[in-house]
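Taking it in order: structure first as structure tokens, then the write-up.
The values are calculated or read from the model by the stated rules, or taken from the named source; none is laboratory data. Only a predicted model underlies this, so the values are computations on that prediction, with no experimental measurement involved. We place every Cβ from the backbone using ideal geometry, glycine too, and count neighbours over all the protein chains shown. Note: areas computed on protein heavy atoms with side chains; ligands, DNA, RNA excluded. Shrake-Rupley method; radii C 1.70, N 1.55, O 1.52, S 1.80 Å.
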Amino acid sequence: MKQKSDFKDRVVLVTGGTKGIGRGIAEGFLSAGAKVIVCARNAPEQLPNFEGHSAEFMACDVREADAGRAMIARIVEQHGRLDVLVHNAGGSPGVDAATVSPRFHEGVIRLNLTAALHMAQSANATMQTQTQGGVIVFISSVSALRPSPG
């Protein structure tokens, strides 16, 4: 018999946790008993949930390092800790790479590369002060290995 993970009394942050893979990850942690916070730039129509337990939403543009730090501070203030950061936020809208602006490219790099670093630094600073530490998980995409049109 497969034993179910127990995350009761654990606090989990899933960036980009309102849709797609992030939503599935959030619902998985909810099913394991965790208190789950999801963030995105805009609130979803429906929060991730599992059997009557819903994630909490915090609006945050993780491309802004100060916003990420403030969100983690707010989580610790409200919940007393942060046990898991799943950095899932990322992506790139389909564009014509030959003609899109340099500013667009810079935004994609900020979202997919530097946001992960800043979020990990902020989470680590909190987790280093906790007796049980914490865990940081990065979600990546096969898009890095597979060409796409444009």
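A few remarks follow.
- Within segment 14-131, helices (runs of 4 or more DSSP H) holding 3 or more residues that are closer than 26 Å to Val142 by Cα: 20-31, 102-109, 115-127
- A single entry from Val108, Val86, Val76 fulfils the requirement of being of a type outside the set (Phe, Trp, Tyr), farther than 23 Å from Lys35 by Cα and either crowded, with 18+ Cβ neighbours inside 10 Å or over 14 Å from the mean Cα position of the chain (by Cα) (or both): Val108.
- Check on Ala67, open to solvent by less than 30 Å² (accessible area, probe 1.4 Å) and either acidic (Asp, Glu) or modelled with pLDDT of 95 or more (or both): no
- In summary, Cys60 fulfils each of the numbered conditions (1) touching a Cys at 6+ places or on another chain (Cβ under 9 Å); (2) within 26 Å of Thr129 (Cβ to Cβ); (3) surrounded by fewer than 16 Cβ atoms within 10 Å (Cβ to Cβ) with the single exception of condition (3).
- Selection status of Gly16, buried (at least 24 other Cβ atoms within 10 Å of the Cβ) and of a type outside the set (A, V, I, L, M, F, W, C): yes
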